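The structure appears right after this line, and notes come after that.
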Amino acid sequence: MRQLFGVLLVISAAATLTACASSNDASCTPGTNSACACGMVVGTRSCGAAGVWGACGCTEVDGGGVDFGIDSGGTIDMGQSMIDAGDASISDSGSIDAAGARAQVLASLPSLPVATVSGGTGLPDYSCRQAWDQDLPGSGTIADGTFNFDYGGAIGAIVDVKIFPSNDIPYDLVCTGSCFTRPTNMSGTTSQFSLDSGRFTAWATPTWTTGWDDVIVPGIGYFVESNDFSSSGVRVAIPSTTEMAELYSSHSMAYTSERSTVYGIVVDCNGRPVQGAAIRIFGETGLRDEFDPPLKWYIPPSGAGTGGEWTALAGNVMLLDMRPLDPRGTPMRIEAWANLGSTTPELVSCEKVRIFGGTMANILVLPRRIGSPSDCTP
């Protein structure tokens, strides 16, 4: 199985940023078109001569509609990106116009450069797309490791970390089934524990206060590969509410404890960061309009600036203000598109993760695999 990065989040809260907050009322370029929400389906709106968006026009939906209902009792197996059979309502698998959905995404993408891997030395390797998946439970060896929460010193608190070996996190973050907890010590490190190697593991932490009286944002992590476990463990830094307020403020946005944020790294089949990938977000009503939340910040190498319209050398992106429909946890789809040298950008990654209100989520945006969600853009 190919190697993947461990998860590491480092936020430069002091960066000087100029991007504006999302708005449906933002000015536009006359003659351009944009996707918009039209009831429970996706529509299209046009920018008039005065530079103002017109009304949203509905598009046709095959099969009598799309089911976007949420079953509060269900879970998603993120390890295989399969929907639990008892919660079919969250699969977004209604019959839609596949060609129209693809055209809608392509119309929203900027003119992408040919993608490269870290260092700009060549095309990313996506040969594993739709030809790989994680190992089955119990098919690998046992991996031992720890979780470390790194703030440059003792955190001054004992925090229970919830470990989800199946990589699914249910509504309300309740730890049941195969889930187990491991407390940290006052330095932020758990005791060593064992997991199946070759599988992905999710984790979650509660809100907690450090020894220096700063409140740490609840943390979520998806697609942490057990193979990366070692005696040194997986090292993660989660921001405090003070850091998040500074980050949001630098993007002309107000941070509240209900804001949901995602930090992602786009990687190829060899785990190398991908430069030139554009992220698209799908919520309850399909593709999120570019003027709707979340605000995408493709983090530039310096950590400062607006970051452009695609991933830089490190392959990372920050999604500010995700706004899940249900703060207890709403499945949202994250797709990455890239120019691999052909005339049309290609879908290279597609993952559905449950976004919770008021959390900071870390994800690896992995190459599309056998078990990717059934409603990925064709």
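The values are calculated or read from the model by the stated rules, or taken from the named source; none is laboratory data. Since this is a predicted model, take the numbers as computed values, not measurements. With ideal geometry, Cβ positions are generated from the backbone for all residues, glycine too; neighbour counts draw on all protein chains shown. Ligands, DNA and RNA are excluded from the accessible area calculation, which covers all protein heavy atoms including side chains. Shrake-Rupley method; radii C 1.70, N 1.55, O 1.52, S 1.80 Å.
What's the local net charge at Val161, with K and R +1, D and E -1, over the other residues with C-beta under 14 Å away? Please list the in-between numbers first.
Numbers: positive: Lys162, Arg182, Arg235; negative: Asp150, Asp160.
Residues near Val161 contribute +1 overall.
Which value, to two decimals, describes the C-alpha radius of gyration of the range 171-233 once divided by 2.2 N^0.38 Å? Present the calculation step by step, with values, prior to reporting the outcome.
Details: Rg = 13.2 Å, N = 63, 2.2 N^0.38 = 10.6 Å.
Compared with the compact-globule rule of thumb, the range 171-233 sits at 1.24.
Skip the ligands, DNA and RNA, and give the accessible area per residue of the range 289-366 with a 1.4 Å probe, whole Å².
Numbers: 2150 Å² over 78 residues.
About 28 Å² of surface per residue is accessible.
Can you give me the accessible area per residue for the range 162-262, using a 1.4 Å probe, in Å²?
That works out to 36 Å² for each residue.
Can you send over the carbon and sulfur percentage of the accessible area for the range 235-357, probe radius 1.4 Å, protein chains only? All intermediate terms of the calculation are to be shown ahead of the outcome.
Numbers: 1940 of 3650 Å².
Looking at the range 235-357 in its full context, I get 53 percent from C and S.
In nm, give the distance between the simple-model label positions of Asp144 and Asp160, each being 7 Å from the Cα along the Cα-to-Cβ direction.
Going from the Asp144 label point to the Asp160 one covers 2.6 nm.
Through the Karplus equation 6.51 cos²θ - 1.76 cosθ + 1.60, θ set to phi - 60°, convert the phi angles of the range 165-182 into ³J(HN,Hα) values in whole Hz; use x for Gly and Pro.
Listing the rounded values in order: x, 7, 6, 10, 10, x, 3, 6, 6, 6, 8, 9, x, 7, 5, 9, 10, 9 Hz.
Normalised radius of gyration for the range 233-325, please: alpha carbon Rg relative to 2.2 N^0.38 Å, two decimal places.
Values: Rg = 13.8 Å, N = 93, 2.2 N^0.38 = 12.3 Å.
Normalised Cα radius of gyration, the range 233-325: 1.12.
Given labels modelled 7 Å from the Cα in the Cβ direction, how far is it in nm from Met186 to Ile370?
4.9 nm
Using a basic spin-label model with each label point 7 Å from the Cα along Cα→Cβ, how many nm lie between Ala98 and Trp132?
Inter-label distance under the simple model: 2.5 nm.
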